[in-house]
Each structure stands twice: as structure tokens, then as C-alpha cells.
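Here's the structure we're looking at; comments come further down.
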Amino acid sequence: MPTNFWNAVRVWVQPEAVARNFSRLRPLGRELVPVVKADAYGHGLLSVARALVGVGARRMAVGTVSEAVALREALPEVWVMALLGPMDWQDAAACQEYGVVPVVACAEQWDLVRLSAGPSRPLSIALKFDTGMARLGFSVDQASSIAQQVAVTPGVQVETVMSHLATADDPAAASFVAKQGTRLQEIAHILAQAGIHAPLSLANSAALIAHPQVHFHWQRPGIALYGANPLAGTPWQDRCPPLEPAMEVAAPVLQVRQISAGTTVSYGRTFTAPRPMRIAIVAVGYADAYCRGLSNRAFMVLGGRRVPVVGRVCMQMTAVDATEVPEVQVGDMAYLLGGPGGAAIRGEELAAWWGTIPYEVFCLLGQNPRSIRSRS
Ligand SMILES: *Cc1c(COP(=O)(O)O)cnc(C)c1O
């Protein structure tokens, strides 16, 4: 689809900011395994991975085996774990061929890797257990049986034993984090009885920052690398080191208009001008993943100032109150995320207006297929 100045949303990503965040977070843990799934949370898998390699990251985690293969092809020196594991025989074969470390989280995945591996076809795996998410992973009860099977399967090597935390970003739920940590230790003990010893991994960003007692050997930060504080809005938010945002999103102003007091703006007439106003129409809407729920709630940055969204977000357009920006002109860029100087909008703020978390904001805005991506 051709995009031009007038219809395109711009996404600027600074992979070096992700790398600098990695360096800021590294002293908190033992060995960080950066999580770059979902196109590095919308920031661009390969450019982010290259920047992380530049600051010394040697292992990374993606979601699908396809993502892992893309990463291994571009950066063969990086050890890559596929968190979702193999879904079918092609995935299992690809792990073999490209040296991807699949997460094995259930009997079906164990069959896929067991039958793909052999004495002449070694395959390293990550064994995943459920300690409290009830999502992926063998249960504690299955630990002994899977350990015995793995131990006698030629060619299969366990590189890490892992689980995932449900509540690390909630100070009120710290006891559940501790419980999950205890369960992972119990599992490690069961595996050791079958002769399986591997680095343990449980911590995500929030646990890396706030729960040192569950750091074990490897930590798997995601969101903090992309500059969002996973503890934002909680009593523990100051435990997070200062992090840099890495993504900015902007769209051009299509039209500037003066409206008189009492004029209503956009569908449903949900906003009525309380006084004469200057309105700027910005070329971004819910078709560009700028959620309609941001109607009358969000702010953008225009001319270096915060300006409120007025009326309903439309499919490809959104109105903002530009009364305080007298110099605004058609073609000026309005930032929905980021922006110049002190007015910059953080992912945490946009997420709060949106009623979601920065993870979703970055993934949706960053992976918008219609946007023009450029490096700042
Ligand atoms: C996404 C993910 C992470 C990273 O979590 P953050 O909260 O972004 O730090 C770690 N481990 C697993 C298994 C994940 O799926």
C-alpha cells in the first residue's frame, strides 16, 4: 500500500536506547536474557537484537520458532530460546536445523523434540514448569516423570529450567512471587534426582527490579528494556532505575480550524467547545491502532505542548485542542507517544489513558503495518 506524508503514521525507534536500558538493568541481575518476542515488543526484532549484542547480550528469548529462526539467521552468534516452543514437526525440525532452543512445556512438545533429536542430532531444550500462572508448563506433579524421560533420551540436553511469574509487578502480591520461587526450587530438586542440573530462570522485568530472592541464575527482562517501569503506579515504582523510552509515534496535522463556543466535535457530539477554540485534525485513528477508547481522554504533543484529544477518535483521524498552539500548521507532526523535551508522553501514561499496559501500547503502535518506520 503506498503511504505518503499525508496518510502515514511515523514510528521512530532507537535501538540504542534499548541497549542502554540493558546496561542499566544488568547490574541488578546475574545473567540477563533479554526478551525480544513480538518483534521486540513492536520495536523491531533485528535492529534491537543487534544493539543488544553490541552491549554484550549473548542470549535472547523470542516467542515463536519462526522469530527464533529469523534471529539465528541474522545473528548466528546469539543463543536463542523460543518461549512458545514447537507447535508442529516443522518447528521441531527448524530448531534442530538452526540451533534454536525450544521451550518444552507439555507432553506434546516433548514428543516433538524427543523424536526429532538423536545421538547424531543433539537438541538443547528449555524445560518449562507451571508454578502459578496456569498457562504453559509441566505441573510440579509431572516433574519426576518428565525428568526421567529426558534423562534417558539421547541427544537431548536441558539448558535451562524455567517458569513465569504471575504477580511480580504487584507489591501486594509479593507472597505469591515467593511461593512460585519455592515451587521452582522444589522442581529443581526433583530434576537433580534424575541427574538434570541446569540454570534456573523465573524473573521477568518486575522481579529483576523488585524480587532479588527469585533471581536464580538467568533473568528474562522484557518491558523494562523498552523503557517502561513495570512497577509504575505502585509503592515500589522508585525501585526501578531511570529508563529511556525507545519508541516515538507521530502523525501529521491534516487541517486546522477555528470553532466557536458551543460547537460539537466529531461523531456522537461527545465534546462541546466551552469557548472559541482552535482544533487540529491529526491523521491517526483506530485503524492505526490509536484506540477509540482514547476519545476525550488522551493527550498528544503538538508544537512542544501537551494538547488534549477532543471528541471521538475516528478511523483515520483524531481532533486535538490546539488553542494554546497558535503557530500550528497543516503538516506539523503531532506525537501520540514521545515527543520533544519535557512534554514527551511516556508509554506508561498513554497506557493509563488507554486503560491498558505499556506492553500493548508498544506492540500495537510498533507493529502497525501501515506506519512508516524510521530510526531517529
Ligand atoms: C514476555 C515474557 C517475559 C518478559 O516479561 P516482562 O514483564 O516484559 O519483563 C519473560 N518471560 C516470559 C516467559 C515471557 O513470556
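Read the figures in this text as sums done on the coordinates, not as results from a lab. Nothing here was measured: the structure is a model prediction, and the numbers come from that model. A quick note on method: Cβ atoms are made from the backbone with ideal geometry, for glycine too, and the neighbour counts reach across all protein chains shown.
Measuring spread by the Cα atoms of the stretch 110-183 yields a radius of gyration and Dmax of 14.9, 50 Å. Reported to the nearest whole Å, the Cα centre-to-centre distance from the stretch 317-371 to the stretch 185-215 is 39.
Each of C95, C314 has some number of other Cβ atoms within 10 Å of its Cβ, and from fewest to most they run C314, C95.
Net charge of the neighbourhood of R257, taken over other residues with C-beta under 13 Å away and scored Lys/Arg +1, Asp/Glu -1, is 0. Which percentage, to the nearest 5, of the DSSP beta bridges contained in the stretch 227-306 is antiparallel? Antiparallel: roughly 100 percent of the beta bridges in the stretch 227-306. Calculated on the alpha-carbon coordinates, the convex hull of the stretch 48-183 measures out at 118 cubic angstrom per residue. Distances between placed amide hydrogens fall under 5 Å for I345 paired with G338, G339, all partners being 5 or more residues away or on another chain.
Which percent, nearest 5, of DSSP beta bridges in the stretch 51-177 are antiparallel?
Numbers: 1 of 16 bridges.
Counting DSSP beta bridges with both partners in the stretch 51-177, the antiparallel share is about 5 percent.
DSSP assigns beta bridges within the chain; of those with both partners inside it, close to 55 percent run antiparallel.
Put in line by how crowded their Cβ is, counting other Cβ atoms within 10 Å and starting with the fewest, D91, D238 read D238, D91. Each of L25, V309, V152 was scored by the projection of its Cα onto the charge dipole of the chain, and the greatest displacement toward the positive side belongs to V309; charges sit on the C-beta of Lys, Arg, Asp and Glu. Between E244 and A174, the distance separating the two model label sites (each 7 Å from Cα on the Cα→Cβ line) works out to 3.2 nm. Derived scalar couplings between HN and Hα for the stretch 299-313 equal 10, 10, 10, 9, x, x, 10, 6, 10, x, 5, 10, x, 6, 5 Hz in order, rounded to whole Hz, by the Karplus curve 6.51 cos²θ - 1.76 cosθ + 1.60 (θ = phi - 60°), x for Gly and Pro. Comparing A174, A51, A319 in a Gaussian network model of the chain, where Cα atoms under 10 Å apart are tied by springs, the biggest mean-square fluctuation is seen for A174.
The charge dipole of the chain, taken about its Cα centre with unit charges on the Cβ of Lys, Arg, Asp and Glu (plus for the first two, minus for the last two), comes to roughly 760 debye.
In percent, how large is the relative contact order of the stretch 242-340, given Cα pairs closer than 8 Å and 6 or more residues apart?
It comes to 34 percent, rounded to a whole number.
Taking amide hydrogens as placed 1.01 Å from N in the peptide plane, the amide H of F138 sits under 5 Å from those of K128, F129, D130, each at least 5 positions away in sequence or on another chain. Here, the chain yields an orientationally averaged convex hull projection of 20.0 nm² when only Cα atoms define the hull. Reported value for the stretch 257-327: 78 Å³ per residue, from the convex hull of its C-alpha atoms. A simple count of charges around T234, restricted to other residues whose Cβ falls under 13 Å of its Cβ and scoring Lys, Arg +1 and Asp, Glu -1, yields -3. Along the charge dipole of the stretch 1-139, pointing to its positive end and built from +1/-1 on Cβ of Lys, Arg, Asp and Glu, which listed residue (S47, A92, V103) has its Cα farthest out? Working it through, the farthest residue towards the positive pole turns out to be S47.
Here the Gaussian network model covers the chain, with springs between Cα atoms less than 10 Å apart; of H215, H164, H197, H197 fluctuates the most. Counting other Cβ atoms within 10 Å as a rough exposure proxy, the listed residues Y359, Y335 run Y359, Y335 from fewest neighbours to most.
In percent, how large is the relative contact order of the chain, given Cα pairs closer than 8 Å and 6 or more residues apart?
18
Evaluating 6.51 cos²θ - 1.76 cosθ + 1.60 at θ = phi - 60° for every residue in the stretch 220-236, the Karplus couplings come out as 10, x, x, 3, 5, 4, 8, x, 9, 7, x, 9, 3, x, 10, x, 9 Hz, glycine and proline recorded as x. Normalised by 2.2 N^0.38 Å, with N the number of residues, the alpha-carbon radius of gyration of the stretch 1-73 equals 1.27. Coupling constants for the stretch 16-30 follow from the phi torsions by the Karplus curve (6.51 cos²θ - 1.76 cosθ + 1.60, θ = phi - 60°), and in residue order they are 5, 5, 5, 5, 5, 5, 4, 5, 6, 7, 3, x, 6, x, 9 Hz; glycine and proline get x. Sort the stretch 169-233 into rounded, prolate or oblate with this rule: let a ≥ b ≥ c be the square roots of the eigenvalues of the Cα gyration tensor; rounded if a/c is under 1.5, and if a/c is not under 1.5, prolate when a/b is larger than b/c, oblate otherwise. In terms of gyration-tensor shape, oblate. Each listed q (0.12, 0.13, 0.14, 0.19 Å⁻¹) maps to a log10 I(q)/I(0) for the stretch 282-376 from the Debye sum over equal C-alpha point scatterers, namely -0.34, -0.40, -0.47, -0.90. For M317, the residues whose amide H sits under 5 Å from its own are V284, G285, Y286, ignoring neighbours fewer than 5 places away on the same chain, with H placed 1.01 Å from N.
Around the Cα centre of the stretch 138-271, unit charges on the Cβ atoms of Lys, Arg, Asp and Glu (plus for the first two, minus for the last two) sum to a dipole of about 340 debye.
Compute the FRET efficiency between R373 and A344 as 1/(1 + (r/R0)^6), taking r as their Cβ-Cβ distance and R0 = 22 Å, and round to the nearest 0.05.
The value I calculate is 0.70.
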